[in-house]
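S.K.: Input: one structure, supplied below.
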Amino acid sequence: MKLRIAVIAALCAGLVCGVCVTGNAQVAAAAKVTVLNPMGTPPPIQLKQMAERPTTLDGKTIYLVNTGFVGTERLMEVMEEWFKENHPKTTIVSKRNPSMDVADKALWAEIQEKADGVVIGLGH
Amino acid sequence: MPGLRIQYFRGPVWGKTHDQLRKMIIQGNNPITGKPVMPEIIEKLTKPLTAEEKKTGTATLDVGPDTYTGTPDELQQLYLDKRYTDFMPIILPTVEKVEEMLKGTSHEPDEIVGRMNPGSEAGDTWSYTVKDVAISAVMAGAKPEYLPVILALASTGTTPVNVSDNGFMAGAVINGAIRQEIGLNYEIGAVGPYAHANTTIGRAWNLVAINGANCGKVGTTYMGTVGNPMNAIDVIIAENEEQSPFEPFAVRRGFKKDENIVTVFMGWGILSAKNWKADVWGPNMNYPQIIKDIYNQQDAMFGTVAVLSPPIADFVRDGGHATVEDFTKWVQADALAAGPMTAFGPAKPEGKPAGEGKPPAGKAPAGKGASKGKGGFGPMAPQFNVVVTGGTNNNYFMMGGMVPAASVQIDKWR
């Protein structure tokens, strides 16, 4: 009889204990934690003011620059045709930059001196 | 440059005829605004500058607070929403876990490890500290003892999730005793996710790129047209030096045998050599010739990497090639006799514009073995590299287009 009572007591203790563990787990699951932001550091960006825009393209000179990516040459040719058809009073000058990641300093100096605007073909 | 007036149109440009370009692009609409392209260009050339466009000085991107607080479920969702993850659940980077991770290195938490941009010379170059890398290592589920390898990978500045619309991938080859020390798998399933170290190191490198350098964000810093499944977990290849008949890869790159070295690769990826008709199974297999035949089918952009199981490497040695250098010379002979190649076919003569020889997205990685022309990507001899890894249970191997770039000493990051 004593043994039976002891077993029942042990089972009851286990039950209570089990309730306690479950209760703690629920509390833990709802607890808030603090975590660290994983982002690195972006570079500071130097803002440069864009060139002032002309109010019209009539009588102006627009440079079309092909940076050399495959297909860009043909696209800029088609764009030049469009300008000639639709803006006949605009002078179009087509130029080729040696590559997309190397600037032709002489070309940029020429654009700064002579162009009123520039369209640079970057994509592919 | 903020404020730069950018005109979008429906690409791609290349491969289109004159008439297609006129109809589809010049007379087409901006895919973002839905408005005609050329009138938008005219507006961008003539519309007066806004106050925003006249601003000068320095701008800094806001990357958010140093910490976030919430329940684990809330934070998992927050990190997913903020695209801090690779879309898989993460280990939340608590202060305690990050401090534990930092025990894997003697370097100061604030030390800058490297700088990285989305690749192909596109986008901003971000920097990241030892602590930043440790945070991503925790998120990936890595152990502190893996941290020196992850720091070494991060120090190369090579993004494994390149912005290119090509869908590039990156991988790494690891040599030295660190393979056993941290439990890297170099036997059965070596290039797959079949060991904790390989898998979590590959994942951590991705997360460093995604978080430390803002890479892999679709639409801005990631544009892979179809994508690349090898971007999920970067391929980490520990060489099976013990069962290779050749000198370890890093030794062939000039390092000592007792050094722990990680070498980053970049390219299209690797797949079973059985993918090529050259590898037809039969009772008599001439593996050196099969490898050569596959090499001769490969594009020049990333050359060829042969990831050989030890039995295949033995076949190569027994075929009369005592060293990888000798084998490489033999494999490349026909291709080199045909003249230098670029990604767009035979190289153009000197003096011709090199631009049309550009790869479809961006510059080749450093160390590509190209004989570089003036101003960037020039004619090159297609590379051939050999790595030995995997089990000895069958005569299988992998081939692909991957080229090695930087090699870094891992022990410098302990």
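S.K.: Exactly which trypsin sites (Lys or Arg not before Pro) in region A:36-92 are in a DSSP loop and have at most 11 other Cβ atoms within 10 Å? Each step should come with its number before you reach the end.
M.R.: Details: sites: A:48, A:60, A:74, A:84, A:89; in loops: A:48, A:60, A:89.
Here the sparse-neighbourhood loop sites are A:89.
S.K.: Charges only on Cβ, +1 for Lys and Arg, -1 for Asp and Glu: so what's the dipole of the protein assembly as shown about the Cα centre, in debye to the nearest 20?
M.R.: 840 debye
S.K.: Just for the protein assembly as shown, what percent of DSSP beta bridges are antiparallel, to the closest 5?
M.R.: 65 percent
S.K.: Something else: Using a 10 angstrom cutoff on alpha carbons, build the Gaussian network for chain B and name the most mobile of B:28, B:391, B:57.
M.R.: B:57
S.K.: Still on this structure, I have one more. Longest segment of chain B with no chymotrypsin sites (Phe, Trp or Tyr not before Pro) in a DSSP loop having at most 13 other Cβ atoms within 10 Å?
M.R.: B:282-414
S.K.: To the nearest 0.05, how large is the calculated FRET efficiency for residue B:47 and residue B:106 if R₀ is 56 Å and r is the Cβ-Cβ distance?
M.R.: Details: r = 56 Å, r/R0 = 1.00.
Efficiency at R0 = 56 Å is approximately 0.50.
S.K.: Which of rounded, prolate or oblate describes chain B when judged by the alpha-carbon gyration tensor and an a/c cut-off of 1.5?
M.R.: Verdict is oblate for chain B.
S.K.: While we're on this one: Using a Gaussian network for chain B with springs between C-alpha atoms less than 10 Å apart, which of these wobbles most: B:233, B:26, B:261?
M.R.: Largest GNM mean-square fluctuation: B:26.
S.K.: Just to compare against my own numbers: the Cα pair-distance distribution for region B:62-160, 5 Å bins, whole % per bin, please.
M.R.: Computed distribution, short to long bins: 2, 12, 22, 23, 22, 14, 5, 0.
S.K.: Please list, by residue number, everything in region A:42-60 whose backbone N is under 17 Å from a paramagnetic label point 7 Å out along Cα→Cβ of residue B:217.
M.R.: A:42-46
S.K.: How many partner chain Cβ atoms sit within 10 Å of a residue's Cβ in peptide B:121-129, on average, as a whole number?
M.R.: Partner Cβ neighbours, averaged per residue: 3.
S.K.: Work out how far the C-alpha atoms of region B:48-87 reach from end to end along every principal axis, then list the three figures in whole Å, largest first.
M.R.: 49, 20, 14
S.K.: From Cα pairs below 8 angstrom and at least 6 apart in sequence, can you work out the relative contact order of region B:58-186, rounded to a whole percent?
M.R.: For region B:58-186, the relative contact order is 22 percent.
S.K.: Right, next: Peptide A:65-74: average number of partner chain Cβ atoms within 10 Å per residue?
M.R.: Rounded to a whole number, the mean comes out at 6.
S.K.: Also, I was wondering about something else. Over what distance in Å are the Cα centres of region B:93-116 and region B:308-335 separated?
M.R.: Comparing the Cα centres of region B:93-116 and region B:308-335, I get a distance of 42 Å.
S.K.: Could you point to the residue in B:7, B:67, B:78 farthest towards the positive end of chain B's charge dipole, with +1 and -1 charges on the Cβ of Lys/Arg and Asp/Glu respectively?
M.R.: Projecting each Cα onto the dipole axis, the largest value belongs to B:7.
S.K.: Then there is this: Arranged by the count of other C-beta atoms within 10 angstrom, fewest first, what order do B:304, B:392, B:105 take?
M.R.: Placing the least packed residue first, the sequence is B:392, B:105, B:304.
S.K.: Under a point-charge model restricted to the Cβ atoms of Lys and Arg (+1) and Asp and Glu (-1), what is the dipole moment magnitude of region A:61-121 relative to its Cα centre, in debye to the nearest 20? Intermediate values should be presented prior to the final figure.
M.R.: Details: 7 positive and 10 negative charges, 13 e Å.
The calculation lands at about 60 debye.
S.K.: Just counting partner chain Cβ atoms within 10 Å, what average do the residues of peptide B:44-55 show around their Cβ?
M.R.: Mean inter-chain Cβ contacts per residue within 10 Å come to 4.
S.K.: Which one of B:223, B:38, B:285 has the biggest mean-square fluctuation once chain B is modelled by GNM with Cα springs under 10 Å?
M.R.: The residue with the greatest mean-square fluctuation here is B:38.
S.K.: Another one. Rounded, prolate or oblate: pick one for region B:137-279, where a ≥ b ≥ c are the square roots of the eigenvalues of its C-alpha gyration tensor, a/c under 1.5 means rounded, and failing that, prolate if a/b is larger than b/c, else oblate.
M.R.: oblate
S.K.: Can I ask one more? How big is the charge dipole of region B:26-115 about its Cα centre, in debye rounded to the nearest 20, if each Lys and Arg gets +1 on its Cβ and each Asp and Glu gets -1 on its Cβ?
M.R.: Dipole about the Cα centre, nearest 20: 700 debye.
S.K.: Also, I was wondering about something else. Among DSSP beta bridges whose residues both lie in region A:61-121, state the antiparallel percentage, nearest 5.
M.R.: 10 percent
S.K.: Based on the alpha-carbon set only, what is the convex hull volume of region B:1-137 divided per residue, in Å³? Don't jump to the answer; show the numbers that get you there.
M.R.: Working: hull volume 26.9 nm³, N = 137.
For region B:1-137, the hull spanned by Cα atoms encloses 197 Å³ per residue.
S.K.: Next up: Across all directions of projection, what mean area in square nanometres is found for the Cα convex hull of region B:1-56?
M.R.: 4.6 nm²
S.K.: Using a basic spin-label model with each label point 7 Å from the Cα along Cα→Cβ, how many nm lie between residue B:394 and residue B:296?
M.R.: Result: 2.8 nm between the two label points.
S.K.: Just how many % of Cα pairs in region A:61-121 lie over 13 Å apart, if you round to the nearest whole percent?
M.R.: For region A:61-121, the share of Cα pairs beyond 13 Å comes to 59 percent.
S.K.: Can I ask one more? Based solely on C-alpha atoms, express the radius of gyration and the Dmax of the protein assembly as shown in angstrom.
M.R.: 28.2, 113
S.K.: Which value in nm describes the separation of the simple spin-label points at residue A:77 and residue B:63, placed 7 Å from the Cα toward the beta carbon?
M.R.: With each label placed 7 Å out from Cα toward Cβ, I get 4.6 nm.
Computed from the coordinates by the stated procedures, all read-outs in this text should not be read as laboratory data. On a predicted model such as this, the values are computed, not experimentally measured, just so you know. Reconstructed Cβ throughout: ideal geometry from the backbone, glycine too, with neighbour counts over all protein chains shown.
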